[in-house]
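What follows is a short report on a single structure.
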Amino acid sequence: MSLNGKEIYSLAERLFGICRSITGPGVRETLAILQEYLPKLKIEEVATGTKCFDWNIPKEWSINDAFIIGPDGNKIANLKDNNLHIVSYSIPMDVELSLEELKKHLYSLPDLPDAIPYVTSYYKETWGFCLSHNVLENLKEGSYKVVIDSKLENGVLNYGELFIQGESSEEVLFSTYVCHPSMGNNECSGPSVATALASWITNLPKRHYSYRFIFIPETIGSICYISKNLEDLQKNTIAAFNVNCVGDVRAYSFLPSIEEDSLPDNVARHVLKNLAPSYTEYSFLERGSDERQFCSPGVDIPMASIMRSKYKNYPEYHTSKDDLDFISAKGLEESYELFKHCIIILENNLYPRAKTKCEFQLSKYGLYPSMGAQKKSIETKLIWNFLAYSNGKRSLLEIAEKLKVPAWSLIDILKRLEEKSLIEVFRK
Amino acid sequence: MSLNGKEIYSLAERLFGICRSITGPGVRETLAILQEYLPKLKIEEVATGTKCFDWNIPKEWSINDAFIIGPDGNKIANLKDNNLHIVSYSIPMDVELSLEELKKHLYSLPDLPDAIPYVTSYYKETWGFCLSHNVLENLKEGSYKVVIDSKLENGVLNYGELFIQGESSEEVLFSTYVCHPSMGNNECSGPSVATALASWITNLPKRHYSYRFIFIPETIGSICYISKNLEDLQKNTIAAFNVNCVGDVRAYSFLPSIEEDSLPDNVARHVLKNLAPSYTEYSFLERGSDERQFCSPGVDIPMASIMRSKYKNYPEYHTSKDDLDFISAKGLEESYELFKHCIIILENNLYPRAKTKCEFQLSKYGLYPSMGAQKKSIETKLIWNFLAYSNGKRSLLEIAEKLKVPAWSLIDILKRLEEKSLIEVFRK
Amino acid sequence: MSLNGKEIYSLAERLFGICRSITGPGVRETLAILQEYLPKLKIEEVATGTKCFDWNIPKEWSINDAFIIGPDGNKIANLKDNNLHIVSYSIPMDVELSLEELKKHLYSLPDLPDAIPYVTSYYKETWGFCLSHNVLENLKEGSYKVVIDSKLENGVLNYGELFIQGESSEEVLFSTYVCHPSMGNNECSGPSVATALASWITNLPKRHYSYRFIFIPETIGSICYISKNLEDLQKNTIAAFNVNCVGDVRAYSFLPSIEEDSLPDNVARHVLKNLAPSYTEYSFLERGSDERQFCSPGVDIPMASIMRSKYKNYPEYHTSKDDLDFISAKGLEESYELFKHCIIILENNLYPRAKTKCEFQLSKYGLYPSMGAQKKSIETKLIWNFLAYSNGKRSLLEIAEKLKVPAWSLIDILKRLEEKSLIEVFRK
């Protein structure tokens, strides 16, 4: 099974409406939908209070209803209208307040006056509402009734994990979020594209590497996951990718791992250079996602991010404007293809070695023109160059960089040459 | 004995008229001429059918006559007029054909309509004639008689080898071709310049390195040579140079070894940078000569090429236009000088170490002005800088790069400082 | 005690009038003044004739008076007017000469006709006078009486040495000159700024490194010093700085050590890049001070020079125009600050390691906003980035380069994080 752009977009649509936070029923509802696509997805839970390095799993938050009733009796900032209206992790509330008192708990964006901002307060108990600046500006003096029907109780943090066994115990890790409420690029796109990738890999006839997909709440989720799995992660992971902000068509962005030239960095750069050469490479100083944890000192998992419009770098970011119109089937499918190409390179990143000294007499194998003046085809040249660099010390990716061609254009050549016994291949 | 440009050109002229191929009497005739200049040149032979890695020595080809008689009784494409007229390795033939049938065996260059192309078919038995497009276009309908008086028989492949003993068993290798028929730059220039170099080295009063010159048929000749000498080549060769396309004055070209920064690469670049700074450096992807074999995986001999107009990069390439007018005494002599400078650097590429700590009191040795305000000469500065970098870890070439001067400008300084016991020198 | 720009300038003024050479009473008078500022400065002496590598300590030179009396009875080139008038190390003389004979011993600068040049002849016994070209041009025919009341006798070479003990036996070395007569930038500025630095370091409450300041005659002084102290220098010195030409405001100059990327090179470049980004970096080929000895083969002390207008690169160099007007309190103080920043970096160039895996929950420590939409301050971002790079393998300087901030902006952060037990720190 392989999802096309429209199907990935449909999945994003299904995820969009759910009111998610870092814990609570929204995460479980989300993971249940993903399980429809990935039946082997395991849903894990970690209890409130569990220590994870410097952090503790917070209380579980659930919300049933939230709104403000104005002096004129109209509902404002109604959770039922848009789940961005409530500050995530708001404590229960049922009070009457003056407009002045109320305003201390209201958030808006003067520069984007018709957008609702996205605000959270996971680790400091408070409450608040988000609304458009246009609405905020027109609130009249009077008494406002605030209703927040939420619960903050001991419970669990949930995440999803899918392990896909390959021939090798070495793993490629994909990480994405299930904590953002109704926003498109950041972040219904990530889990949707990751699901499509996991589905595609699951259905490959064979895989050299094993693959691990984790669908986690941002920050606390990755910290929790790492604290439970550090030793295995460090032992097995050869490359990790963060899948987020992968839904729009406005830009291509790349954020390398902290080491800047790790395996996933080099693979991702090669793919972007060949498929989306206008991409922008950001510095690790501009990081803002779970590479913060995976690349942290002592964890040291090489994690690269291929993105479209990067978090913090597009005006719609973390507002109601980052909606289902901002992302598209085209944007999602292109992102999916980029990651697929990364996987294809990794799977085929073998070290070929020519089985003769000097050149082969390629015309014997039908791989070279027999007459000196005949024009060589592009493929003939590629084969000839590929063999020249096949000394057992250069990987397919390194040879592709030398030959200034996409690595995937060499895979069939590698296979044909191996079948004809002209090369032998190694993994390193 | 040392050949000047005119003498090198005369040798090229003598070689030009001979009908050569990768085997046969033309090669022997060529080597016999070279022996006049290099009496110690050994002529080797390897029997048809001998296995050389993935190749076998082909049958020996000789040709006595070849022409076509047209409907009007005139001879066309007569070997006696130009030995490019026959496709090299054409099988014997004596038939009458219609123009249409004949044309399947005719080769011309529509873009260079008055030039005869150079075509070979060593490994596929066929026959053909090359002629100018102007002649081809004017052939009239009718019956054509084809005569090829050639032989393809068991025999030998010949090559020449000259070994010049030095103080060290470490060797510098020069390789050039004796298989091209009547063309000037590619390739009467290569064996002519190589002969001049070998002659000059032979007559040096002493040599640190040993030198090996091989005069071989392209591709099969180098493969054959390597297959017979691989172990010694790998054990002894510190640097190798390919000598081809060294006769014209239009351009300077450089093709590095596959490693791009081997010893001969660095020596050749230094020489070109200082003597012909407008040279073009090509990528190893644009290789096309025997570095294909010497730099192949498992052979790994570092071979660099200093050229003038590079094969495939000049319109006259592999046509009758690459003639004795295309090359010149000036072009040949300049190329000869470039290689001579490479040898001079290699011979003198010592590691000097100053025999004092701190600076010497150079005025004591007459190497520095005694008064503080006196202007230092360029040579004084050179000595002073040379000593500053003479720590026993930098070679003459590396110091020259640091000092931004030609390496040969430091040789006398090195010798004077060694004579005055200010430095000791090492080989590495 | 810490000297400000005015006080450094006052010291330079006091040093200016003294008639110095590489030996003699001028050096002792100079060192006696420096001892007023640095009571622990030790004054060393090395006897004439002592062998120092390729050199010998020369005779001690002292001069009481020197002048020429012209045909009209007027004194010319009177040492009492300007001590540049006498060629340093001139032998005693009392003769009458024709103008033609006299001129063989006169030095002037046609291109700078109102300046007196600075000329020395330490190692060849001769005599001479320096005067402005304007004066020289107007000398009339006639008899000239030359009086040089000098002595060249067995004696000593003096230098000053100050050792400031730190917690570690590893040392930072500062070297400057006490041999130049009345010139400002080259070189009353060097010993004045070095004295200010030594004074500041002495008064620091604690120091990690030990510091060594040497006030030496150029060339023979450093050679002498190195010959007596080579083993200790090589064992202890982690970085060395040459302090010369540090008094004017026209330019910032940097001359790296011969290795070009040693510790003092990297520290100095970082300081200049952040405080004087328009600085010029010179090649080691343009060296001309005691780095010639310290960076020589077999000595190998990494010595970098931060300068203002570099010797040989300003028209006033080695003339009477390099006077007290050419330097200024501002120029001296800015130079002093650059070196101070080098020391501050070295002292704090620790290797921090975060004491958790994954990120800290910084809001717990008051180091991060608790709500997701709050703007992070510059300092918050700096802390967050600093911790991300604190893996125990990167020094403070290396982290600063990654974070593109001055290294000193991270010192308080490092200390706060260490106090809060979020990092541990190492020296390497």
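The values are calculated or read from the model by the stated rules, or taken from the named source; none is laboratory data. Just so it is clear, the structure is predicted and the values come from calculations on it, not from any experiment. Using ideal geometry, Cβ is built from the backbone for each residue, glycine included, and neighbour counts are taken over all protein chains shown. What goes into the accessible areas is simple: the full protein's heavy atoms, side chains included, and nothing from ligands, DNA or RNA. Shrake-Rupley method; radii C 1.70, N 1.55, O 1.52, S 1.80 Å.
Tabulated data for the structure shown
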{"quantity": "Every residue from the stretch B:146-174 that is touching a Phe, Trp or Tyr at 6+ places or on another chain (Cβ under 8 Å), part of a strand (DSSP E or B) and among the polar types (S, T, N, Q)", "calculated": "B:SER150"}
{"quantity": "Residue tally, condition open to solvent by less than 10 Å² (accessible area, probe 1.4 Å), within 25 Å of B:SER222 (Cα to Cα) and out of contact with any Cys (no Cβ under 7 Å at 6 or more places or on another chain), over the stretch B:1-17", "calculated": "2"}
{"quantity": "Scan of the stretch A:240-258 for residues that are touching a Gly at 6+ places or on another chain (Cβ under 9 Å) and either within 14 Å of another protein chain (Cβ to nearest Cβ) or open to solvent by less than 20 Å² (accessible area, probe 1.4 Å) (or both), ordered by number", "calculated": "A:ASN242, A:VAL243, A:ASN244, A:CYS245, A:VAL246, A:GLY247, A:ASP248, A:LEU255"}
{"quantity": "Test: residue in the stretch B:315-323 that is within 13 Å of another protein chain (Cβ to nearest Cβ), within 25 Å of B:VAL193 (Cα to Cα) and open to solvent by 30 Å² or more (accessible area, probe 1.4 Å)", "calculated": "yes"}
{"quantity": "Total residues in the stretch C:152-174, condition more than 14 Å from C:SER199 (Cα to Cα), aliphatic (A, V, I, L, M) and open to solvent by less than 10 Å² (accessible area, probe 1.4 Å)", "calculated": "3"}
{"quantity": "Some residue of the stretch B:299-307 being within 14 Å of chain A (Cβ to nearest Cβ), within 29 Å of B:SER10 (Cα to Cα) and modelled with pLDDT of 95 or more", "calculated": "yes"}
{"quantity": "Close pairs from the stretch C:217-238: first under 22 Å from C:PRO25 (Cα atoms), partner open to solvent by 10 Å² or more (accessible area, probe 1.4 Å) and among the acidic types (Asp, Glu), Cβ under 9 Å, at least 6 apart", "calculated": "C:THR219/B:GLU359; C:ILE223/B:GLU359; C:ILE223/C:ASP54; C:TYR225/C:GLU44; C:TYR225/C:GLU161"}
{"quantity": "Strands (runs of 3 or more DSSP E) contained in the stretch B:22-133 and holding at least 2 residues open to solvent by less than 10 Å² (accessible area, probe 1.4 Å)", "calculated": "B:60-69"}
{"quantity": "Breaking point among (1) closer than 21 Å to A:TYR177 by Cβ; (2) open to solvent by 10 Å² or more (accessible area, probe 1.4 Å); (3) over 16 Å from the mean Cα position of the chain (by Cα), for A:VAL299", "calculated": "(2)"}
{"quantity": "Subset of the stretch B:362-396 [outside any helix (DSSP H, G or I) and modelled with pLDDT of 95 or more]", "calculated": "B:SER390, B:ASN391, B:GLY392, B:LYS393, B:ARG394, B:SER395"}
{"quantity": "Subset of the stretch C:251-262 that is in contact (Cβ under 8 Å) with a residue 40 or more places away in the chain and either within 22 Å of C:SER395 (Cβ to Cβ) or in a helix (DSSP H, G or I) (or both) - its residue that is nearest to the chain's Cα centre (by Cα)", "calculated": "C:PHE254"}
{"quantity": "Lone unmet requirement of (1) modelled with pLDDT of 95 or more; (2) farther than 22 Å from A:HIS180 by Cβ for A:ASP72", "calculated": "(1)"}
{"quantity": "Residue identified as in contact (Cβ under 8 Å) with a residue 12 or more places away in the chain and more than 9 Å from chain C (Cβ to nearest Cβ) among B:LYS402, B:LYS428", "calculated": "B:LYS428"}
{"quantity": "Every residue from the stretch A:214-239 that is open to solvent by less than 20 Å² (accessible area, probe 1.4 Å) and within 14 Å of chain C (Cβ to nearest Cβ)", "calculated": "A:ILE216, A:PRO217, A:ILE220, A:GLY221, A:SER222, A:ILE223, A:CYS224, A:TYR225, A:ILE226, A:LEU233"}
{"quantity": "Single match in A:LYS355, A:LYS340 (criterion: under 30 Å from B:ILE57 (Cα atoms) and either at pLDDT 95 or above or within 31 Å of the chain's Cα centre (by Cα) (or both))", "calculated": "A:LYS355"}
{"quantity": "Unmet requirement for B:SER328, which otherwise passes all of (1) open to solvent by 30 Å² or more (accessible area, probe 1.4 Å); (2) modelled with pLDDT of 95 or more; (3) within 14 Å of chain C (Cβ to nearest Cβ)", "calculated": "(3)"}
{"quantity": "Scan of the stretch A:402-413 for residues that are farther than 13 Å from A:LEU367 by Cα and surrounded by 15 or more Cβ atoms within 10 Å (Cβ to Cβ), ordered by number", "calculated": "A:LYS402, A:LEU403, A:VAL405, A:PRO406, A:ALA407, A:TRP408, A:SER409, A:LEU410, A:ILE411"}
{"quantity": "Only one of B:LYS206, B:LYS235 that is assigned to a helix (DSSP H, G or I), in the same structural domain as B:ALA32 (by TED's automatic domain parsing) and among the basic types (Lys, Arg)", "calculated": "B:LYS235"}
{"quantity": "Failed criterion for C:PRO181 (all others in (1) surrounded by 17 or more Cβ atoms within 10 Å (Cβ to Cβ); (2) in a loop (DSSP other than H, G, I, E, B); (3) outside the structural domain of C:PHE241 (by TED's automatic domain parsing) hold)", "calculated": "(3)"}
{"quantity": "Odd one out for A:ASN186 among (1) under 30 Å from A:SER2 (Cα atoms); (2) assigned to a helix (DSSP H, G or I); (3) polar (S, T, N, Q)", "calculated": "(2)"}
{"quantity": "Per-region count, the stretch C:155-186, residues under 19 Å from C:LYS228 (Cβ atoms) and in contact with a strand residue (DSSP E or B) (Cβ under 7 Å, 6 or more places away or on another chain)", "calculated": "17"}
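Residue-by-condition table, conditions (1) of a type outside the set (Lys, Arg); (2) within 9 Å of chain C (Cβ to nearest Cβ):
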| position | (1), (2) |
| --- | --- |
| B:ASN349 | yes, no |
| B:ARG353 | no, yes |
| B:LYS357 | no, yes |
| B:GLY366 | yes, no |
| B:ALA388 | yes, yes |
| B:LYS393 | no, yes |
| B:LEU396 | yes, no |
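This table checks each residue for (1) open to solvent by 10 Å² or more (accessible area, probe 1.4 Å); (2) hydrophobic (A, V, I, L, M, F, W, C).
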| site | (1), (2) |
| --- | --- |
| C:GLU260 | yes, no |
| C:ASN266 | yes, no |
| C:SER283 | yes, no |
| C:ALA304 | no, yes |
| C:LYS310 | no, no |
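Matching residues to (1) without any contact (Cβ under 8 Å) to a residue 24 or more places away in the chain; (2) within 28 Å of A:ILE57 (Cβ to Cβ):
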residue	(1), (2)
A:LEU112	no, no
A:ALA115	no, no
A:LYS124	yes, yes
A:PHE129	no, yes
A:LEU139	no, no
A:LEU157	no, yes
A:GLU161	no, yes
A:GLU171	no, yes
